[in-house]
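*Asks:* One structure coming up, written as structure tokens, with questions to follow.
The values are calculated or read from the model by the stated rules, or taken from the named source; none is laboratory data. The structure presented is a predicted model; accordingly, all values stated were derived computationally and were not measured. Neighbour counts run over all protein chains shown; Cβ positions are idealised from the backbone, glycine included. For accessibility, only protein heavy atoms count, side chains too; no ligands or nucleic acids. Shrake-Rupley method; radii C 1.70, N 1.55, O 1.52, S 1.80 Å.
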Amino acid sequence: MAIDTHTASATAPVLTQDPEDSRLSGRAKLVLFVLCAAQFMVALDFSVLNVALPVLGDDLGLSRSALQWAVTAFALPSGGFLLLFGRIADLFGRKKLFLTGLALFGAASLLATLAWDPASFLTGRALQGLGAAVIVPTGMSLLTTTFPEGPQRDRALGISGTLLSLGFTVGMVLGGVMTDTLGWRSTMALLAVAAVIVLALAPGLLPESRTTGERPRLDVPGAVTVTGGLLAVIYALSTAAQRGFGGVDVWGTLVVGVALLAAFVAVESRAVAPLVSLPMLKRRTVAWGNLAGLVTFSMMSTVIFVLTLYLQEVLGLSSFETGLVFGVQGVLSAVAGSLAPKVIGRFGARRTLVGSLLGQGLFIAALLGIGTGSGALLATAAVSLASMCHLGAIISYGLTVTSGVPDEEQGLATGLVTTTQQVGITIGIPLLGVLATTGDSLFDGVRTVLLIDAVIVVAAAALVALGLGRRAAQ
């Protein structure tokens, strides 16, 4: 999402009270409810199906190695098209595109609910991801253009961020309960109903919002190259994890993807209105902060995926019991969210970021102590503590990236934060998660993934510490 801070602020906000007053009017609360409900719904979709994967696979005939596509089919378009739809919304109207995304998301959820074979289900998931790629940037842009900069926007963003985190946790617990009582299809039906409710409320509450004056150009070459590159690379890696790198189609798609991403860098260096500001990435805090964000999101999503399979297929826990494990994780993450600002206030965002990454990596390493006969208690404790560190990393990396950035460039910085988050969630499972499902032993595969995951996070902590510790000019 690329928010132009000059033009975005030109649209009239819905609020009329003093912008220095953090209190929200009745109408502003309703607007915030609609926008947060949409973001909550997308966060729910990232997690509600996780605990249902083994049951879903048996029902639709998805093999263990193909289960990751139930997650990747959603995450791939949601990350790949994020920048494109964010810019289209800036140019042609955020409200219109937001409503379109809601309608697409609802229809796709209905298709996934009624799926009769793997192809129809994965099609529904992919269309859900496309709808999410519309909803996330347009919803965030509507929020920042509706609430004026200052206490009101800070409060709105805080509520939105809390509900995003809560949505992931609620999805894990709710997914377990619904799968055990109503079947996995009920999780998709829930999303369809949620989309209809938000779509019914949004038109009368949300103001239209688009850039005014001289509109920036749509960077079509940049959009085509980055979207095509991300899709091709992730597809190639996901396919290779199932069939190996021996296929010509795998190598061909991978080469095309890398070439497109290289072309994207070249295009952005010359574009008048780039999707991603390359000079912005030269800022030390932006570059290293986003690396930390990419690692913390991608590696934590991978842990959740492989632990879901371990708890159900190795230990034999039900979907409901698995949901409870992640429910404990969610409660402790909420505690971490309330403590993180105090920790950051005392130690600073950069130190908190490095410490959080290190803690996440070490607690993931503790998961190597799980066994085939027991391990639920260790898994609950270790993944919960790792998630507390993960949430600390999320909050501190966002602050690190945006610190020291001029007001007129804050939109570009926050756009990079959002993009990093979505891409991180997208690439983790295709890169590592499927290693757990393609070997002879699921348990051995899970432990291999956890080991690699922990090493990557700890290494990233060391690199970020070195990168942010250098005193070169920004």
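*Asks:* Which condition from (1) open to solvent by 10 Å² or more (accessible area, probe 1.4 Å); (2) touching a residue at least 24 places away in the same chain (Cβ under 8 Å); (3) not small (Gly, Ala, Ser) is the one that LEU91 breaks?
*Replies:* (1)
*Asks:* Need pairs with beta-carbon distance below 6 Å; first residue without any contact (Cβ under 8 Å) to a residue 40 or more places away in the chain and within region 45-63, second among the aliphatic types (A, V, I, L, M); sequence gap 6+ or separate chains.
*Replies:* GLY57/LEU67
*Asks:* Of all residues in region 443-458, how many are small (Gly, Ala, Ser) and under 22 Å from the mean Cα position of the chain (by Cα)?
*Replies:* The total comes to 1.
*Asks:* If LEU309 satisfies all but one of (1) surrounded by fewer than 22 Cβ atoms within 10 Å (Cβ to Cβ); (2) assigned to a helix (DSSP H, G or I), what's the number of the condition it fails?
*Replies:* If we test LEU309 against (1) surrounded by fewer than 22 Cβ atoms within 10 Å (Cβ to Cβ); (2) assigned to a helix (DSSP H, G or I), just (1) comes out false.
*Asks:* Continuing with this model, one more query. Would you mind stating whether ASP117 is open to solvent by less than 10 Å² (accessible area, probe 1.4 Å), over 25 Å from ILE304 (Cβ atoms) and among the acidic types (Asp, Glu)?
*Replies:* Judged against the criteria, ASP117 is not a match.
*Asks:* Please work out if ALA365 is open to solvent by 20 Å² or more (accessible area, probe 1.4 Å) and either in a helix (DSSP H, G or I) or modelled with pLDDT of 70 or more (or both). Break it down stepwise before answering.
*Replies:* Values: open to solvent by 20 Å² or more (accessible area, probe 1.4 Å): yes; either in a helix (DSSP H, G or I) or modelled with pLDDT of 70 or more (or both): yes.
Answer is yes for this residue.
*Asks:* Now for a different question. What number goes with the only condition from (1) at pLDDT 70 or above; (2) more than 18 Å from GLY124 (Cα to Cα); (3) touching a helix residue (DSSP H, G or I) at 6+ places or on another chain (Cβ under 9 Å) that PHE92 does not pass?
*Replies:* (3)
*Asks:* Here is a follow-up. When you scan region 268-283, how many residues do you find that are surrounded by 17 or more Cβ atoms within 10 Å (Cβ to Cβ) and either at pLDDT 85 or above or in contact with a Pro (Cβ under 8 Å, 6 or more places away or on another chain) (or both)? Talk me through it step by step, then tell me what you get.
*Replies:* Let us first name the residues in region 268-283 that are surrounded by 17 or more Cβ atoms within 10 Å (Cβ to Cβ), namely 268, 271, 274-277, 280, 283.
From the residues that got through so far, the ones that are either at pLDDT 85 or above or in contact with a Pro (Cβ under 8 Å, 6 or more places away or on another chain) (or both) too are 268, 271.
Residues flagged as surrounded by 17 or more Cβ atoms within 10 Å (Cβ to Cβ) and either at pLDDT 85 or above or in contact with a Pro (Cβ under 8 Å, 6 or more places away or on another chain) (or both) within region 268-283 amount to 2.
*Asks:* If I filter region 94-106 down to residues being without any contact (Cβ under 8 Å) to a residue 60 or more places away in the chain and open to solvent by 50 Å² or more (accessible area, probe 1.4 Å), which single residue comes out as nearest to LEU143 (Cα to Cα)?
*Replies:* THR100
*Asks:* Another question, if that's okay. Determine, yes or no, whether THR179 is modelled with pLDDT under 85 and either more than 26 Å from VAL331 (Cα to Cα) or hydroxyl-bearing (Ser, Thr, Tyr) (or both).
*Replies:* Yes.
*Asks:* I would also like to ask the following. Take ARG215 and decide whether it is open to solvent by 20 Å² or more (accessible area, probe 1.4 Å), at pLDDT below 80 and either within 21 Å of PHE98 (Cα to Cα) or charged (D, E, K, R) (or both).
*Replies:* Judged against the criteria, ARG215 is a match.
*Asks:* Just to check your reading of the model, which residue among VAL325, VAL286, VAL314 is crowded, with 20+ Cβ neighbours inside 10 Å and within 30 Å of SER63 (Cα to Cα)?
*Replies:* VAL325
*Asks:* Here is a follow-up. Inside region 369-383, can you point out the residues that are exposed (fewer than 12 other Cβ atoms within 10 Å of the Cβ) and at pLDDT below 85?
*Replies:* GLY373, SER374
*Asks:* What residue, of GLY337, GLY289, GLY330, is under 18 Å from the mean Cα position of the chain (by Cα), over 30 Å from LEU53 (Cα atoms) and assigned to a helix (DSSP H, G or I)?
*Replies:* Only one candidate qualifies: GLY289.
*Asks:* How many residues does region 62-71 hold that are in a helix (DSSP H, G or I) and at pLDDT 75 or above?
*Replies:* Residues flagged as in a helix (DSSP H, G or I) and at pLDDT 75 or above within region 62-71 amount to 3.
*Asks:* Residues that are more than 17 Å from LEU190 (Cβ to Cβ) and at pLDDT 60 or above, at least 1 per element: which helices (runs of 4 or more DSSP H) completely within region 1-61 meet that?
*Replies:* In region 1-61, the matching helices (runs of 4 or more DSSP H) lie at 26-47, 53-60.
*Asks:* Sort out which residues of region 406-424 are over 29 Å from THR302 (Cβ atoms) and either modelled with pLDDT of 75 or more or open to solvent by less than 10 Å² (accessible area, probe 1.4 Å) (or both), and write them in order of number. Write out each step before concluding.
*Replies:* The first filter runs over region 406-424 and keeps only residues over 29 Å from THR302 (Cβ atoms), leaving 406-411.
Hit for region 406-424 is GLY411, nothing else.
*Asks:* What about ILE234, is it under 28 Å from ALA112 (Cβ atoms) and at pLDDT below 85?
*Replies:* yes
*Asks:* Against the definition (modelled with pLDDT of 70 or more, in contact with a helix residue (DSSP H, G or I) (Cβ under 8 Å, 6 or more places away or on another chain) and more than 21 Å from GLY101 (Cβ to Cβ)), how does GLY171 come out, yes or no? Walk me through how you get there before you give the answer.
*Replies:* Numbers: modelled with pLDDT of 70 or more: yes; in contact with a helix residue (DSSP H, G or I) (Cβ under 8 Å, 6 or more places away or on another chain): yes; more than 21 Å from GLY101 (Cβ to Cβ): no.
Considered against the rule, which asks whether it is modelled with pLDDT of 70 or more, in contact with a helix residue (DSSP H, G or I) (Cβ under 8 Å, 6 or more places away or on another chain) and more than 21 Å from GLY101 (Cβ to Cβ), GLY171 comes out as no.
*Asks:* So, in region 451-470, exactly how many residues are in a helix (DSSP H, G or I) and open to solvent by 70 Å² or more (accessible area, probe 1.4 Å)? Give the derivation first.
*Replies:* Keep residues of region 451-470 that are in a helix (DSSP H, G or I), which gives 451-469.
Checking which are open to solvent by 70 Å² or more (accessible area, probe 1.4 Å) leaves us with 451, 455, 463, 466.
Of the residues in that region, 4 qualify.
*Asks:* Quick one: which residue in THR448, THR438 is open to solvent by 40 Å² or more (accessible area, probe 1.4 Å) and either at positive phi or modelled with pLDDT under 70 (or both)?
*Replies:* When all the criteria are applied, what remains is THR438.
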